Amino acid sequence: MSPRAGLPGPHTLAFVESPVQLLNVLEWAHAHAPGVGLTLVVLSPVDPMTRGQLRRMAELAREDGHEVRWEEARGGAAAPLQTIGGLAGPLRRASRVVLGDPFSRYVQLLLTITRAREIVVVDDGTATMEFVGQLARGERLVRWHRKGGRPGPRDLVFAPVSAVARRRLTPGGPRTVEVFTSMPMEATPPGVTVSAHTFAWTRDRFGPPRITQSADMVGTSLVETGVVDADAYVEAVRSLAKTYGARRYFAHRRESTEKLHRLAVETGLEIVRPDLPLELIARRGPIGRTVVSFPSTVVHTLPLALTGTGVRVAVCDIDPAWLTKSASPRAQGFLANVTDTARDAHHLRTAPAV
């Protein structure tokens, strides 16, 4: 069917822009709407690695009985207008909207159209913690790694849309808002329902995995987002790999080819570019007896996905000296909070200083 063709109004319409968001919509459906099909709208990015993982996740969604609508939402100058125009009708008819990234301007624009009385926000990694905190504090929605300061010209132009979207994400009248999360919530906005994301679908669908005797490392895109210095990151990976005897490095889908080549040459690690989110890769196996990670979503999600397997997760703090000059003033505190809350929740090991 053409992306712009009209569709019957689904009861539940879900919008995703990453493989992890699509996984977490499937987890939400498994936990809260078993046996009920929904329409998943993939607002496809341009990055080839992300697109590949999204297509694999879309196959799993179809196997579970869900309809998947693939939108080339960034396929040229006219794509946003065509995408939004084609989705306006289904959005107005949907009684429930599920979304994975409340910070996305695309999603915020779509939220201004919907009349749905039920809004569900599924995990988009550690960003969910920041979203809930900002909503509780009445702040504008800004990604944590964005540099602090005054809003830029584009922010000011988009501000009215963002304000409407924020109101849609705030419970009021007949509208309910649910956050489906595996992340710890320190401050929950009034009226928002928080439900536990335990990776039950992942554990039912995959594994248990075969456990190897070596360790594995998990990559992060902190260099690509301008938070951590590349030289410091490579040296930290090299030191941790030597300490733990790690053999494989599971790359984040946003890591650059140049950085991964450098890691392979300077650390001797085998670079693995997964075709599915790491939680599924780890659950499917094989996976190392120890998984070493920097502060990221996986220090919260892998212990849940690997419950009962005996795999241990070790987390390494980000040294403030590794941060770039352009890093957000909030970066160090946010990353430390990710690590501390994961240690408290999952009793993680602390990787030795590097």
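Brief remarks on what is shown
- Over the stretch 12-197, the hull volume per residue, using the convex hull of the C-alpha atoms, is 119 Å³.
- Rounded tilt (10° steps) of 19-32 against the dominant C-alpha axis of the chain: 70
- Peptides 124-131, 88-95 ordered by packing proxy, namely the average of other Cβ atoms within 10 Å per residue, highest first: 124-131, 88-95.
- Kirkwood-based shape ratio for the stretch 203-350, expressed as Rg/Rh from alpha carbons: 0.95
- Check: the chain dipole with +1 on Lys, Arg Cβ and -1 on Asp, Glu Cβ, in debye: 600
- Farthest toward the positive end of the dipole of the chain, out of Thr307, Ala79, Phe15, is the Cα of Ala79, where the dipole comes from beta carbon charges about the Cα centre.
- Expressed per residue, the C-alpha convex hull volume of the stretch 115-252 stands at 163 Å³.
- Structural descriptor for the chain: relative contact order 16 percent, calculated from alpha carbon pairs under 8 angstrom and at least 6 residues apart.
- Whole-Hz Karplus values for the stretch 206-220 come out as 10, x, x, x, 7, 9, 8, 8, 8, 10, 10, 10, 10, x, 9 Hz, taken residue by residue from phi with 6.51 cos²θ - 1.76 cosθ + 1.60 and θ = phi - 60°; glycine and proline positions read x.
- Simple rule: put +1 on each Lys or Arg Cβ and -1 on each Asp or Glu Cβ in the stretch 136-289, find the dipole, and look at Gly268, Ile211, Gly245; the Cα lying farthest toward the positive end is Ile211.
- Ranking Val41, Leu323, Gly285 by how far each Cα lies toward the positive end of the dipole of the chain (charges on Cβ) leaves Val41 at the top.
- Annotation for the stretch 36-104 versus the stretch 262-301: alpha-carbon center distance of 27 Å.
- Amide H to amide H distances under 5 Å link Val292 with Asp216, Met217, Val218, Ala314, where only residues 5 or more positions off or on other chains count and H is placed in the peptide plane.
- Diagonalising the gyration tensor over the Cα atoms of the chain and scaling each eigenvalue by 5 before taking the square root yields semi-axes of 33, 23, 20 Å, largest first.
Readers should treat all values here as calculations from the given coordinates under stated rules, not as data from a laboratory. Here the structure is a predicted model, which is why all the values come from computation and not from measurement. Here the Cβ is made from the backbone with ideal geometry for all residues, glycine too, and neighbour counts use every protein chain on show.
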